[in-house]
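The values are calculated or read from the model by the stated rules, or taken from the named source; none is laboratory data. Quick caveat: nothing in here was measured; it's all calculated off a predicted structure. Cβ sites come from the backbone with ideal geometry, for glycine too, and all protein chains shown count toward neighbours. Side chains included, ligands, DNA and RNA excluded: accessible areas come from the protein's heavy atoms. Shrake-Rupley method; radii C 1.70, N 1.55, O 1.52, S 1.80 Å.
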Amino acid sequence: MSDVVQVQARAMGDPTRHELFRAIAVATEPVAVAALAEHVGLHHNAVRQQLAKLVDAGLVIERTAAASGRGRPPLVYEVDPTADSRWGVAGPYERLALWLSEIVRTGDTPLEVGRRVGRRQRLGSAEPGGGVEVLAQQMARHGFDPTVRRRGSRTEIVLGTCPFATTALADPDTVCQLHLGIAQGIAEDLDDLVVDALEPKDPRRAHCVLRCSIEPEG
C-alpha cells in the first residue's frame, strides 16, 4: 500500500473524520464549518481540527468562500479532485464514463454535454473582474490544476493536468470538446467572462490553454 493511501486510510479511520468526509462528498457545493459542525454535533473548533487532518491527508481542499456581505468570508471545504473512488467518491474516469454515456444516450455533441456539466457545477455570479478566478477554482475541482495567466488584453487559464490523459490520447476531439464545454458552461453564470477557445496540447504533458475574454461591466 502506498504512503499516500496509508495516510488517507489513517485519516479515514476516525469515525468523525469519515462522517465529515462523506458529508462533504455528497454536498453539491463546498461546505462551511458551521454546517459540518451541526451535521456531526460537535463544536466548531473540534470540527476544524478534524478537517485539518483531512486536508493534510489530501482528502479535502480548504478555501475561502466568495465575499457575500460584511465580515470575513468563511472557510469552505470540498473533496480534493485527486481523491479517487477508493473512498466512495467518483474518480475522474467514472465521471468521464457518465459523460460519454450521456453523449451516446442523447446524441448531443461532446461540447453540448460538457456545457451541461459546467452548468451543474456553477457557484453563482462572481464580483466584476473576478470571473476568471471563479472559473479556475471550478476547473480545479475537476482536477485540471489551473493557472491564470494574463498577457496584455488576453486572459488565459493554463490547465496544468489532464485528468483524462489516457482517453484523450485515444480520442482527443471528444475529450477536448468536453473540457471546452465544461468551461463554457461554468462561464455562462459569470457576467464578465467568455470562454472563446481551448488550445489543446499533448495530454501526457497537459498545459492546454483556455482562451478567455473579459467583458466590460454593463
Would you tally the residues in the range 134-186 being of a type in the set (Gly, Ala, Ser) and under 12 Å from the mean Cα position of the chain (by Cα)?
4
Can we say Gln8 is at pLDDT 90 or above, open to solvent by less than 50 Å² (accessible area, probe 1.4 Å) and among the polar types (S, T, N, Q)?
no
Do any strands (runs of 3 or more DSSP E) lying entirely in the range 140-218 carry at least 3 residues that are in contact with a Pro (Cβ under 7 Å, 6 or more places away or on another chain) and at pLDDT 90 or above, and which ones are they?
154-159
Condition first: surrounded by fewer than 19 Cβ atoms within 10 Å (Cβ to Cβ) and more than 19 Å from Gln138 (Cβ to Cβ). Now tell me which residues in the range 159-181 satisfy that.
Ala165, Thr166, Leu169, Ala170, Asp171, Pro172, Asp173
For the range 147-156, does any single residue satisfy the condition of being crowded, with 19+ Cβ neighbours inside 10 Å and either among the small types (Gly, Ala, Ser) or under 17 Å from Gly114 (Cβ atoms) (or both)?
no
Confirm whether Val89 is surrounded by 13 or more Cβ atoms within 10 Å (Cβ to Cβ), closer than 28 Å to Val4 by Cα and at pLDDT 80 or above.
no
First in the range 97-111 and free of Cβ contacts under 8 Å to residues at least 40 places away in the same chain and more than 17 Å from Ala170 (Cα to Cα), second anywhere and outside any helix (DSSP H, G or I) and open to solvent by less than 60 Å² (accessible area, probe 1.4 Å), Cβ under 9 Å, 6 or more apart
Leu98/Ala90; Glu102/Asp108
Can you say whether Glu29 is open to solvent by 20 Å² or more (accessible area, probe 1.4 Å), under 20 Å from the mean Cα position of the chain (by Cα), within 28 Å of Arg120 (Cα to Cα) and of a type outside the set (Phe, Trp, Tyr), as far as the supplied structure shows?
yes
Can you tell me how many residues within the range 110-139 are open to solvent by 20 Å² or more (accessible area, probe 1.4 Å), of a type in the set (S, T, N, Q) and modelled with pLDDT of 75 or more?
1
Apart from one, (1) surrounded by 14 or more Cβ atoms within 10 Å (Cβ to Cβ); (2) modelled with pLDDT under 90 all hold for Tyr77; the odd one out is (2)
Do we find a residue being open to solvent by 60 Å² or more (accessible area, probe 1.4 Å) and closer than 19 Å to Asp80 by Cβ anywhere in the range 182-197?
no
Pull up the range 34-59, narrow it to residues that are in contact (Cβ under 8 Å) with a residue 40 or more places away in the chain and not in a helix (DSSP H, G or I), then point me to the one that is surrounded by the most Cβ atoms within 10 Å (Cβ to Cβ).
Leu59
